[in-house]
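Notes to accompany the following structure.
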Amino acid sequence: MTAIQGANHHIQSLQQFSHPKKVSLKKQALFANQHHQAQKNMSANKDPLVTPSVAESTVSKFASFYFEKATSHSTAVVDPELSAKDYSKAFHKETITQIMKMPIEVEVERDEMQQALLFNSLGIDFLEYKELGVRREMLSLAKNGIENDVSLAQFEKSKFIDAIRHFDARLEQAQNALLGGAPMDALDMNMSDPQSPWAILVNAAA
């Protein structure tokens, strides 16, 4: 077992056996400051000569891997006999659905160790927080694909992008809820609310 694998196992074990607790405002303030510093340190460790201009060059390996799985699934299930426009709509709908529904597994990487231990010290599930972030990265990749899709008119692209914006906002809220000690379900599929991301997505694909 490598040091990173051992650390992942240690963090997961602590999360499994620790009881949820309410984080005090003082601890929250300390956490916010330390979390911000950890993110700055992670950014500082990146090669300053690399200045990527597209999302694909900056996403994590987890987002790239699972996004490829999502698009492969969409290719397999969407009817290739559809017209180009209908195929694109069905493909993007299925891909976004997979991004929000598919099970994904993430691990703590070497440059995230300090951040993960900080989360754990406050009873916050770092891996759950990271999973939400990976889904947000995947939505960004889906948005790029929609913007570059020549089969759709701009107003059609805008509908899908609006759905992505709402899904991303929900994932961000879930991340903030985790930090606040009150986890929420970001992946529920409530179709009764016409303003829900799922309802907006269905309308975009219609």
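Of note:
- Model label sites at residue 150 and residue 61, defined 7 Å from Cα along the beta-carbon direction, differ in position by 3.5 nm.
- Ligands, DNA and RNA are left out, and with a 1.4 angstrom probe the accessible area of segment 94-206 is 45 Å² per residue.
- Solvent-accessible area of residue 75, all protein chains in place: 80 Å² (probe radius 1.4 Å, heavy atoms, ligands and nucleic acids excluded).
- In this label model, residue 83 and residue 193 are separated by 3.4 nm, measuring between points 7 Å along each Cα→Cβ vector.
- Rg/Rh, computed from the Cα trace of segment 83-206 with Rh as the Kirkwood radius, has the value 1.04.
- Computed from the Cα positions only, the extents of segment 106-150 along the three principal axes stand at 48, 19, 12 Å, in decreasing order.
- To the nearest 10, the accessible area of residue 68 is 120 Å² with a 1.4 Å probe.
- Filtered GluC sites (Glu not before Pro), segment 142-188: DSSP coil and at most 15 other beta carbons within 10 Å: none
The values are calculated or read from the model by the stated rules, or taken from the named source; none is laboratory data. These numbers were taken from a predicted model, which means no experiment stands behind them. Cβ atoms come from the backbone with ideal geometry, glycine included; neighbour counts cover every protein chain shown. Quick note on the areas: whole protein, heavy atoms, side chains included, nothing else; ligands and nucleic acids left out. Shrake-Rupley method; radii C 1.70, N 1.55, O 1.52, S 1.80 Å.
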